[in-house]
Amino acid sequence: QVQLVESGGGLVQPGGSLRLSCAASGTSMFSLYAMGWFRQAPGKERELVAHISLNGITNYADSVKGRFAISRDNAKNTVFLQMNSLKPEDTGVYYCNHRDSRWSWGQGTQVTVSS
């Protein structure tokens, strides 16, 4: 069973940046998985905001395109989300998972964008 631990969230002003990290354990096949970052805003469903294929091809939700960048370090079983030009609507709990949400969810990391 793959375990996921997200980190790097916090309180940031609009226009600021954060870099989230997600460490995966319990697998030797991390490099073969497509990985995603998901966001759950208050009172809303969890949504996929960015994903990266095993070949490094990235895709983004329209709401974050041009501002967020997903990357991965297969040697460290880690996936990152660089978030720039943050907006209040980016507030939420951020989770990583297989792109198809195959595994149990970690605890997530809270991102709050507010002045």
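Some notes on this structure:
- A single entry from SER71, SER28, SER85, SER53 fulfils the requirement of being at pLDDT below 95 and not basic (Lys, Arg): SER28.
- Scanning the stretch 67-115 for residues that are open to solvent by less than 50 Å² (accessible area, probe 1.4 Å), farther than 19 Å from GLY26 by Cβ, free of Cβ contacts under 8 Å to residues at least 60 places away in the same chain and not in a strand (DSSP E or B) returns ARG67, ASP90, THR91.
- Every condition in (1) without any contact (Cβ under 8 Å) to a residue 40 or more places away in the chain; (2) part of a strand (DSSP E or B); (3) of a type in the set (Val, Ile, Thr) is met by VAL64 except one, and the failing one is (2).
- Count of the stretch 50-59 residues which are in a strand (DSSP E or B), surrounded by fewer than 22 Cβ atoms within 10 Å (Cβ to Cβ) and in contact (Cβ under 8 Å) with a residue 12 or more places away in the chain: 1
- Count of the stretch 9-48 residues, restricted to those that are outside any loop (DSSP other than H, G, I, E, B) and in contact (Cβ under 8 Å) with a residue 24 or more places away in the chain, is 21.
- Summed over the stretch 50-88, residues that are at positive phi and among the aliphatic types (A, V, I, L, M) total 0.
- Of all residues in the stretch 8-25, at least one satisfies being open to solvent by 60 Å² or more (accessible area, probe 1.4 Å) and under 11 Å from the mean Cα position of the chain (by Cα).
The values are calculated or read from the model by the stated rules, or taken from the named source; none is laboratory data. Here the structure is a predicted model, which means the values were calculated and not measured. When we count neighbours, we look across all protein chains shown, and the Cβ atoms used for this are built from the backbone with ideal geometry, even at glycine. Only protein heavy atoms, including side chains, enter the accessible area calculation; ligands, DNA and RNA are left aside. Shrake-Rupley method; radii C 1.70, N 1.55, O 1.52, S 1.80 Å.
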